[in-house]
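A quick write-up on the structure given underneath.
The values are calculated or read from the model by the stated rules, or taken from the named source; none is laboratory data. Here the structure is a predicted model, which means the values were calculated and not measured. All Cβ positions, glycine included, derive from the backbone under ideal geometry; neighbour counts span all protein chains shown.
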Amino acid sequence: MTFWVLVMSTGWLILINNTAIWQTNWAAIDAKVFAGIAYLAVFTTIISFFIAQHGTLHIGPTRASSYNYLNPHFPDELVNRCPEMEIML
């Protein structure tokens, strides 16, 4: 299911954004940028999958899934409470 969600959303995004993506000079982008994107896409996904799986086994599925859904909220809350944290994030 995840595969098809990614394929279909990529197709729709390319259709919606068809002018900007073809006008981008992809050769001018440094290889370090592509390596960083690949690292973030692959390794962090793998690491977060195994952490979620480990959490599900040890603290239960309900609490593990609630932590997974609350995780994106934490950096926003830090910035709201401590504006100087925005520089670090």
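Modelled with pLDDT of 90 or more and not β-branched (Val, Ile, Thr), is that true of residue 31? So residue 31 fits the description; yes. When the residues of region 56-79 are filtered to those that are at pLDDT 85 or above and closer than 20 Å to residue 2 by Cβ, the one that is surrounded by the fewest Cβ atoms within 10 Å (Cβ to Cβ) is 61.
Is it fair to say residue 4 is in a helix (DSSP H, G or I), surrounded by fewer than 10 Cβ atoms within 10 Å (Cβ to Cβ) and modelled with pLDDT under 85? Write out each step before concluding.
On the way: in a helix (DSSP H, G or I): yes; surrounded by fewer than 10 Cβ atoms within 10 Å (Cβ to Cβ): yes; modelled with pLDDT under 85: no.
For residue 4, the condition - in a helix (DSSP H, G or I), surrounded by fewer than 10 Cβ atoms within 10 Å (Cβ to Cβ) and modelled with pLDDT under 85 - is not met.
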